[in-house]
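**Student:** I am attaching a structure below and will ask some questions about it afterwards.
The values are calculated or read from the model by the stated rules, or taken from the named source; none is laboratory data. These numbers come from a predicted model, not from an experiment. No Cβ is skipped: glycine too gets one built from the backbone with ideal geometry, and neighbour counts run over all protein chains shown. Accessible surface areas use protein heavy atoms only, side chains included; no ligands, DNA or RNA. Shrake-Rupley method; radii C 1.70, N 1.55, O 1.52, S 1.80 Å.
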Amino acid sequence: MGEAGARVVVRGGRVVDGSGAPAFRADVVLVDGRVEEIGPDLAGDRVLDAEGCIVAPGFIDVHTHYDAQVFWDPACTPSSHHGVTTAVLGNCGFSLAPCRPERRRLVVRILHDLEDMRVDTLEAGVDWGFATFAEYLDAVEQLGPSINLAAYVGHSAVRIDVMGEGAYEREATVTEIVEMRQIVRDALAAGAIGFATSASPTGRRCPSRFASREETVGMLAELRDAGRGIASFVPGGELDHAALYALQPEIARPFTWTAMLALADGRHRAWAELHREGMAAGAAVHPQVSCRPLVAQTTLLAPFALRAPSLAELEGCTPVLRAAAYRDRAWRDRLARELDDGLLAPRWDRWYVAESPTRPQWQGRSVADIAADRGVTPLDAAFETALDDGLATRFTVVLANDDEAEVAELLRLDGAVLGLSDAGAHPDQICDAVVPTDLLGGWVRERGVLTLEQAVRKLTGEPADLFGLAGRGYVRPGSAADLVVFDPDEVGPGPIRRVADFPAGADRLTADAPTGVRHVLVRGVPIRRDGAQVADPRDAEGRSPGRVLRHGIDAALFTPPGREPGIARSPVDGTAKARGRHARD
């Protein structure tokens, strides 16, 4: 925004600085990508109006899957519309690298089978000129992203790089584990923010689920030996929730896991109690919670809302073969038994017909209601409807996290972090990139579950501390000039709509019209100004403002701070003291 050395003043707002401290009225001066000064009546070469608004640090989304999308959408939309200025990629162990050329098909298979990304979109949209994790980071940097990006090295990608098809079939040998550890070591040296893995018993085939405990712990040991990085998990098997709290002190690096959602069977309460006990014993383990109900718009052609081994067997099948299985009575009975025992057993009264080519009159009706009318089971009603529609029936499915009282308790849980936007994943089925504006509008203004200062801390200082994002997460003199200016009386997620703007004509859900978000700045460059997205944001040198945060550090702005990542205070009460000099009312 203008020439180097120019003073940009964000004028007239109330600063909520990310520490949890009370808001205060002040102007904020930005110079060359940093906060220069905070105080009353400050002068500048250019002015951004913040009258009536909150001036907060840029929001940090720690659970995204923009690893591929950034190649065709460097703005990482819709997250950047909602104030996200830093995103963490590679979650669940599904990083795009390492990826040697002969393994590319298998990496694409992960993203298709587990994240519901179309193969033709990935083949058309990603520039596959990288093989190692270091080369991937270089490639992303060359793209010129609009926001800052940090990335895990992913367990499933590492397994595929070493084992090929065997990654989907068996445990690794001792020799293979040694090779995998070296890849993780190299990725950490190149700037990976940490290591991510999944042992989730969802029924979908995931390479890291075939790993032995010895293999996974060996790669976690690379974080301990390097003295840096965070480990992220989807718990399951030998590394279930309890095991993580027991293991973390041995690894001596912070852990986070996905996700502590409010479930109908109440098991989240047991997880919360386990977490409290683990924290009391000194374990640095931080579950991710969300303010959003987990809602999917799904078809039975790619049934994100149903997880079971019988469905996993059909991954990669043509629609004709999938339909044949759906018609088979024995197969359907086996699926019914698996679903009854699954983590997210279907609540058919929360499955609604959104679109049916042959029965438009059913729009809005629940599958449970349709089943009762027809005298069949809900499973049969859903599958017969889909088969009649050529598998084109679209269902809106409420999966979890829809009990507001339970969600409120989880949002206030000490040591839990905000996560699971899943932005970039399941693009035609979910759109939870709106978490920041939903939290501020729905859970601060409307429900009063959190104070404004608490909510901003959960979106900024808290994840910055945990992930070791130097100079980010706070509005302080010397910090990065990543800011969000929003109207607390108007902020909200806005509508979600379906568009077909991905490579190969793929559709997705997006939310590109949030309310109350006036300005968003990355390194002092507006990427959203006066409520509208800036088409091609550039800094004084003509570069896009976002940076790849190797080891969580923007090397052009900061030197390594020499501090250990980790939340050292309550993420809710915000007892951290702000550093730097502020002039307060």
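**Student:** Of the residues 460, 437, 396, which single one is β-branched (Val, Ile, Thr) and over 17 Å from the mean Cα position of the chain (by Cα)?
**Tutor:** Details: 460 fails: over 17 Å from the mean Cα position of the chain (by Cα); 437 fails: over 17 Å from the mean Cα position of the chain (by Cα).
Checking each option against the conditions leaves just 396.
**Student:** Right, another one. What about residue 114, is it in a helix (DSSP H, G or I) and buried (at least 22 other Cβ atoms within 10 Å of the Cβ)? Steps first, please.
**Tutor:** Values: in a helix (DSSP H, G or I): yes; buried (at least 22 other Cβ atoms within 10 Å of the Cβ): yes.
Against the criterion (in a helix (DSSP H, G or I) and buried (at least 22 other Cβ atoms within 10 Å of the Cβ)), residue 114 qualifies.
Residue-wise test of (1) polar (S, T, N, Q); (2) modelled with pLDDT of 95 or more.
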{"position": "112", "(1), (2)": "no, no"}
{"position": "116", "(1), (2)": "no, no"}
{"position": "122", "(1), (2)": "no, yes"}
{"position": "126", "(1), (2)": "no, yes"}
{"position": "133", "(1), (2)": "no, yes"}
{"position": "136", "(1), (2)": "no, yes"}
{"position": "142", "(1), (2)": "yes, yes"}
{"position": "148", "(1), (2)": "yes, yes"}
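**Student:** Every residue in region 412-439 that is touching a Phe, Trp or Tyr at 6+ places or on another chain (Cβ under 7 Å) and either at positive phi or aliphatic (A, V, I, L, M) (or both), please.
**Tutor:** 423, 424, 426, listed by residue number.
**Student:** Also, quick follow-up: If I filter region 168-180 for residues that are touching a helix residue (DSSP H, G or I) at 6+ places or on another chain (Cβ under 9 Å), modelled with pLDDT under 95 and open to solvent by 20 Å² or more (accessible area, probe 1.4 Å), do I get at least one hit?
**Tutor:** The answer is yes; a qualifying residue exists.
Residue by residue, here is whether (1) under 30 Å from residue 538 (Cα atoms); (2) in contact (Cβ under 8 Å) with a residue 12 or more places away in the chain; (3) among the aromatic types (Phe, Trp, Tyr) holds:
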{"site": "96", "(1), (2), (3)": "yes, yes, no"}
{"site": "101", "(1), (2), (3)": "no, yes, no"}
{"site": "105", "(1), (2), (3)": "no, no, no"}
{"site": "124", "(1), (2), (3)": "yes, yes, no"}
{"site": "135", "(1), (2), (3)": "yes, yes, no"}
{"site": "143", "(1), (2), (3)": "yes, yes, no"}
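**Student:** Mind counting the residues in region 201-216 that are assigned to a helix (DSSP H, G or I), buried (at least 18 other Cβ atoms within 10 Å of the Cβ) and of a type outside the set (Gly, Ala, Ser)?
**Tutor:** 5
**Student:** Among (1) under 19 Å from residue 183 (Cα atoms); (2) open to solvent by 10 Å² or more (accessible area, probe 1.4 Å); (3) in contact with a strand residue (DSSP E or B) (Cβ under 8 Å, 6 or more places away or on another chain), which single condition is residue 75 missing?
**Tutor:** That leaves (1) as the condition not met.
**Student:** Mind listing whichever residues of region 229-264 are among the small types (Gly, Ala, Ser), modelled with pLDDT of 95 or more and farther than 19 Å from residue 345 by Cβ?
**Tutor:** Matches in region 229-264: 229, 231, 232, 242, 243, 246, 252.
**Student:** Is it the case that some residue within region 462-476 is farther than 18 Å from residue 64 by Cβ and part of a strand (DSSP E or B)? Don't jump to the end; show me each part of the working.
**Tutor:** So in region 462-476, the residues farther than 18 Å from residue 64 by Cβ come out as 465, 470-471, 474-476.
Imposing the further condition that a residue be part of a strand (DSSP E or B) reduces the set to none.
No, region 462-476 contains no residue that is farther than 18 Å from residue 64 by Cβ and part of a strand (DSSP E or B).
**Student:** Does region 446-477 hold any residues that are charged (D, E, K, R) and open to solvent by 20 Å² or more (accessible area, probe 1.4 Å), and which are they? Walk me through it before giving the result.
**Tutor:** So in region 446-477, the residues charged (D, E, K, R) come out as 446-447, 453, 457-458, 462, 465, 472, 476.
Within region 446-477, 446, 447, 453, 476 meet the criteria.
**Student:** A further question follows. Kindly check whether there is at least one residue in region 74-92 that is in a helix (DSSP H, G or I) and over 24 Å from residue 525 (Cβ atoms).
**Tutor:** Within region 74-92, one or more residues are in a helix (DSSP H, G or I) and over 24 Å from residue 525 (Cβ atoms).
**Student:** Restricting to region 117-132, and then to whatever is touching a Leu at 6+ places or on another chain (Cβ under 9 Å) and closer than 20 Å to residue 208 by Cβ, can you tell me which residue is least open to solvent (accessible area, probe 1.4 Å)?
**Tutor:** The residue in question is 122.
**Student:** Report, ordered by the first and then the second residue, all pairs with beta carbons closer than 8 Å, sequence separation of six or more or different chains, a first member in region 265-279 that is over 20 Å from residue 340 (Cα atoms) and at pLDDT 95 or above, and a second member that is part of a helix (DSSP H, G or I) and open to solvent by 60 Å² or more (accessible area, probe 1.4 Å).
**Tutor:** Going by the 8 Å Cβ cut-off, the qualifying pairs are 272/409.
**Student:** May I pose another question? Kindly provide the set of residues from region 339-369 that are touching a residue at least 40 places away in the same chain (Cβ under 8 Å), buried (at least 18 other Cβ atoms within 10 Å of the Cβ) and in contact with a Lys or Arg (Cβ under 9 Å, 6 or more places away or on another chain), ordered by number.
**Tutor:** Correct list: 339, 344, 352, 353.
**Student:** Which of (1) assigned to a strand (DSSP E or B); (2) surrounded by fewer than 20 Cβ atoms within 10 Å (Cβ to Cβ) does residue 41 not meet, given it meets every other one?
**Tutor:** The one condition residue 41 does not meet is (1).
**Student:** Sticking with this one: Would you check if there is a residue in region 138-146 being farther than 15 Å from residue 547 by Cα and surrounded by fewer than 17 Cβ atoms within 10 Å (Cβ to Cβ)?
**Tutor:** Our first condition is that a residue be farther than 15 Å from residue 547 by Cα; within region 138-146, this holds for none.
No, region 138-146 contains no residue that is farther than 15 Å from residue 547 by Cα and surrounded by fewer than 17 Cβ atoms within 10 Å (Cβ to Cβ).
**Student:** If you don't mind, another one. Quick check on my filter: what residues within region 487-522 are in contact (Cβ under 8 Å) with a residue 24 or more places away in the chain, open to solvent by 30 Å² or more (accessible area, probe 1.4 Å) and not small (Gly, Ala, Ser)?
**Tutor:** 487, 489, 490, 493, 496, 498, 507, 512, 515, 518
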